[in-house]
Amino acid sequence: IVWIGLLGVWIWLSASSVGFFEKWPDVSFLSAVKIFALPIIVFIIGLIAFVILGVIVEHFVIAIMGMGQCLFRQAWNQCMQIASQNRSDFFLFFLVLIGLGIVSGIIGIIILLIYLFAALIVGAFLFGLPYLLIVVALKVHVLFYIYAVVFGIPFVLAAVLLLMGISLPFAVFFRTFSLYYLSGLAPEYAALPLTHTAPVQQ
């Protein structure tokens, strides 16, 4: 937020110094580009840096804090040490993460469309048929209103819960992926075993 505020002040001062706000309707496109090009480039570079920082914190630093039982600064230093020793692996992680993000986004959209289509069909059977029977055939509007409230509230709640649950498998997958990737780079932060062996009873 502070960075965006400073960037806004920079843009305002740069534009004010050349009288942009006083004569902006008559300012040419090239003049506007000269004023705002550098701040926009800095904004894009900073945005990319913040995204990379957020990915590192979310996928590695938080995991180190949890498994290493340490605070943020110590976890950050350990993460940077691991990154300095495995630069190519960290770069590969970002590439794979981008690819997985695209694939999961496509799959998520397909699942969402299937879910919406299924919810529409269920809603048509649950409310459409009773409407034809109660309102159109029997002309009893009040009875349909009661039916709609009694069955509509649970239907809406169930639909919202299922909609929220669509993203849950993806969140679990990405969290698990980053944990096991980290454990491959630093064995001391090994996650839970992939297979569970029941303890042998004496």
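Has segment 63-70 got at least one residue that is outside any helix (DSSP H, G or I), of a type outside the set (A, V, I, L, M, F, W, C) and at positive phi? Scanning segment 63-70, I find at least one residue that is outside any helix (DSSP H, G or I), of a type outside the set (A, V, I, L, M, F, W, C) and at positive phi, so the answer is yes. Of all the numbered requirements in (1) among the hydroxyl-bearing types (S, T, Y); (2) open to solvent by 40 Å² or more (accessible area, probe 1.4 Å); (3) under 26 Å from F174 (Cβ atoms), S104 misses one, and that requirement is (2). When G123 is tested against (1) open to solvent by 40 Å² or more (accessible area, probe 1.4 Å); (2) touching a residue at least 24 places away in the same chain (Cβ under 8 Å), just one condition goes unmet, and that condition is (1). Please determine whether any residue of segment 134-157 is within 30 Å of I56 (Cα to Cα) and either open to solvent by less than 80 Å² (accessible area, probe 1.4 Å) or modelled with pLDDT of 85 or more (or both). Scanning segment 134-157, I find no residue that is within 30 Å of I56 (Cα to Cα) and either open to solvent by less than 80 Å² (accessible area, probe 1.4 Å) or modelled with pLDDT of 85 or more (or both), so the answer is no.
For segment 45-56, the criterion of being modelled with pLDDT under 70 and among the β-branched types (V, I, T) is met by no residue.
The values are calculated or read from the model by the stated rules, or taken from the named source; none is laboratory data. Since the model is a prediction, treat every value here as computed from it, not as a measurement. Cβ: placed from backbone, ideal geometry, glycine included. Neighbour counts: every protein chain shown. Just so you know, the surface numbers come from the protein's heavy atoms only, side chains and all, with ligands and any DNA or RNA stripped out. Shrake-Rupley method; radii C 1.70, N 1.55, O 1.52, S 1.80 Å.
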